[in-house]
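Worksheet for the structure shown next.
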Amino acid sequence: MKNDRRSESEDLLRKARSLFTQEELSVRVGCSRRTISRWENGQTRLPFYAGLALEKIISEASSFGSADTGDFTFIDLFAGIGGIRLGFERAGGRCVFTSEWDEHCKKSYRANFPDNGEIAGDITRVEASSIPDHDILLAGFPCQPFSIAGVSKKNALGRPHGFDCETQGTLFFDVARILAEKRPFAFLLENVKNLLSHDKGRTFRIIRETLVERLGYEVFWKVIDGRRFVPQHRERIVIAGFREPVPFNWDDAPLPEIGPESPRLGSILHSEDGLEFDRDDGRFLDEGGRVRPKYTLSDKLWDYLQDYAEKHRARGNGFGFGLVDKDGIARTLSARYYKDGSEILVDRGREGNPRRLTPRECARLMGFPDRFRIVVSDTQAYKQFGNSVVVPLMEYAARAMKPHVMRMKAERPHSVGRTFRGAS
Ligand SMILES: C[S@@+](CC[C@H](N)C(=O)[O-])C[C@H]1O[C@@H](n2cnc3c(N)ncnc32)[C@H](O)[C@@H]1O
C-alpha cells in the first residue's frame, strides 16, 4: 500500500516535471525549489496537499491551449480575453481567426495565446470573405445594449438600447453577415439572459428569425446558470446553431446539478495559509501569502456602502452590496466590479472590513485556470473577467455540440454550403 502511494507520487511528480521546471512548479505549488527537489530525489515524501495541487496543475496544463489537437476549427469573434476559446480548445478545437478591438483585451489575449498570430480589430470593417473557412463560429457579442444593468443605465441617460443602439446593438448583424458568407457547420452565440426578454421579446425574435429564416440554421438555446460550474450565480443564454438538421438537444448533455456539492466561494479564494505566497509574483499576496491590504475596503467606503444599502432597504429596494463568505455563492461578477466591488465582497468576519476579490480570484470565479496570465492593471483585469464567460460552461457547450459537428464534417469534409434563404 505504502509503495503504491509512493509510485503514485513519483508518477505525479514525473508528469508535472515533464510540463514545468522546478522553479515553475515551486511557484505553482507554493513551496521552495529545494522542496520540489527533495520530493524528486525521495528525501522527503510528497505531502497530501501537494499531491492534490500537482493533480490540478497537470490537468489544467493538459487542457490549456491544446490548440493543436484540431479535431475541428473555429473563429473567435468579440474574443475579449478568449474565455469561449478556452472552452472550445478543451473540447479539441483549433482557433483560425480572432477579432477583438480593445487594446487591453488584445494584450491579455496575446499573453495567453502567444501562437495566435494577428488579431483582427473592428469586426464591422472585416470583409467576411477574408475570414478563413471554419467549422464553428463563436461570438459572445457585446451584451451591454441588452443587459438589465446596461438597459437601465442607457434608459437613465436617454440613450437607445438593443438594436436601436447604433454602435453596439447591430453587431449581431455582423455575425449574420459572416455566417451568410462562410456558412460554417455550426455557431455558438453567448449573451445575457435578458436578451430573451429585451424589448418585449422583439430583439430575440429578430435574432431567431435572422438565424433560422434568413440563414437557414437550426437553432437551439438554453439559459444556463454558471453556478453549476463555479461559485457564482451567472445566468447566460447559449444559442447553438447547425447548418443542417441535427438531433441536437441541450437537455441530452448532462449538466452538473446545483446542490450541496456545488462549488462554494472558498474554493476560489486565496488559501492565505502561506502556500500561495508567490502566486502572480506577489502581486495580490504579501510575503506571508495574505491578500494585500489594498483589497480591503476602507472604513469610509464600507460605511458608505452600508448607508446606501440601508437607504435602499428603507425604500423597499433590493439593491446594496453582496457580502459573501467562503460557504456562499457570489453574485454575478460584472465589468463594473473595479468601481467599488460592492456586488461581491468577501466577508472577513472579525478580521475586519470586507475585501474585494483579487483579479486572480475573479479569474477563478469565471473558471479560468491559474495558468491564465494576468498582464493588465487590476481595473482592466476586473473589466475583462466581468465581461467574459464561465470557461467550463463553454467547454460543456463545446462538448455538447462537437459530435454533431464531427458527423457533419465526416459527411461533407470541405463543403461551404450556400443554402441560406434570402439573406441580403
Ligand atoms: C461581452 S465581451 C466578450 C468577452 C469574451 N467572450 C471573453 O470570453 O472574454 C464583448 C467584446 O467585444 C468587443 N467588441 C465590441 N465591439 C467590437 C467590434 N466592433 N469589433 C471587435 N470587437 C468588438 C469588446 O471589446 C469586448 O471585449
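Just so you know, all these numbers are worked out from the coordinates, no wet-lab data involved. Since the structure is predicted, the reported quantities are computational estimates derived from the model, not experimental observations. Neighbour counts are summed over all protein chains in view; Cβ atoms, including those assigned to glycine, are modelled from backbone coordinates with ideal geometry.
What to note about this one:
- Proximal charge balance of residue 255 [Cβ under 15 Å; K/R count +1, D/E count -1]: -1
- Cα gyration tensor category, rounded, prolate or oblate, for the stretch 311-375 with a/c compared to 1.5: prolate
- Lysines whose Cα lies under 18 Å from that of residue 106, excluding same-chain neighbours fewer than 8 positions away: 383
- Cβ-derived FRET efficiency at R0 30 Å, residue 107 paired with residue 326, nearest 0.05: 0.40
- Phi to ³J(HN,Hα) by Karplus 6.51 cos²θ - 1.76 cosθ + 1.60 over the stretch 339-347, Hz, x for Gly, Pro: 5, 10, x, 5, 6, 9, 10, 7, 6
- Estimated distance in nm for a label pair at residue 300 and residue 222, the labels positioned 7 Å out from Cα along Cα-to-Cβ: 4.9
- Proximity of backbone amide H atoms, modeled 1.01 Å from N, is registered between residue 334 and no other residue at under 5 Å, excluding neighbours fewer than 5 places apart on the same chain.
- Net length gained if the chain between residue 205 and residue 49 were fully extended (0.36 nm per residue, minus Cα distance): 51.0 nm
- Most to least packed among 42-52, 388-398 [average Cβ atoms within 10 Å]: 388-398, 42-52
- The local environment of residue 226, defined by Cβ-Cβ distances under 10 Å, has a net charge of +2 under the rule Lys, Arg +1 and Asp, Glu -1.
- With neighbours defined as other Cβ atoms within 10 Å of a residue's Cβ, the residues 81, 119, 75, 268 order from fewest to most as 119, 268, 75, 81.
- For the peptides 347-354, 133-140, 288-295, the ranking by mean Cβ contacts within 10 Å, running from highest to lowest, is 133-140, 288-295, 347-354.
- For the stretch 204-279: rounded, prolate or oblate by the Cα gyration tensor [a/c cutoff 1.5]: prolate
- Phi to ³J(HN,Hα) by Karplus 6.51 cos²θ - 1.76 cosθ + 1.60 over the stretch 96-105, Hz, x for Gly, Pro: 10, 6, 10, 10, 6, 9, 7, 5, 5, 5
- For the stretch 368-383, 3J(HN,Hα) per residue [Karplus equation, 6.51 cos²θ - 1.76 cosθ + 1.60, θ = phi - 60°, Hz, x = Gly/Pro]: 7, x, 5, 6, 5, 7, 9, 10, 10, 4, 4, 4, 5, 5, 4, 4
- Prolate/oblate/rounded call for the stretch 253-348, Cα gyration tensor, a/c under 1.5 rounded: oblate
- The alpha-carbon of residue 222 sits under 23 angstrom from the alpha-carbons of these lysines, leaving out residues fewer than 8 places away in its chain: 193, 200, 402.
- Spin-label proximity, residue 33 to the stretch 265-285 - amide N less than 19 Å from point 7 Å beyond Cα toward beta carbon: 276-282
- On the basis of the beta-carbon distance and an R0 of 41 Å, residue 181 and residue 271 show a calculated FRET efficiency of 0.25.
- Summing +1 for each Lys or Arg and -1 for each Asp or Glu among the other residues whose beta-carbon sits under 9 angstrom from that of residue 321 gives -2.
- Proximal lysines to residue 300, defined as alpha-carbon separation beneath 17 angstrom and excluding residues fewer than eight positions away on the same chain: 311, 339
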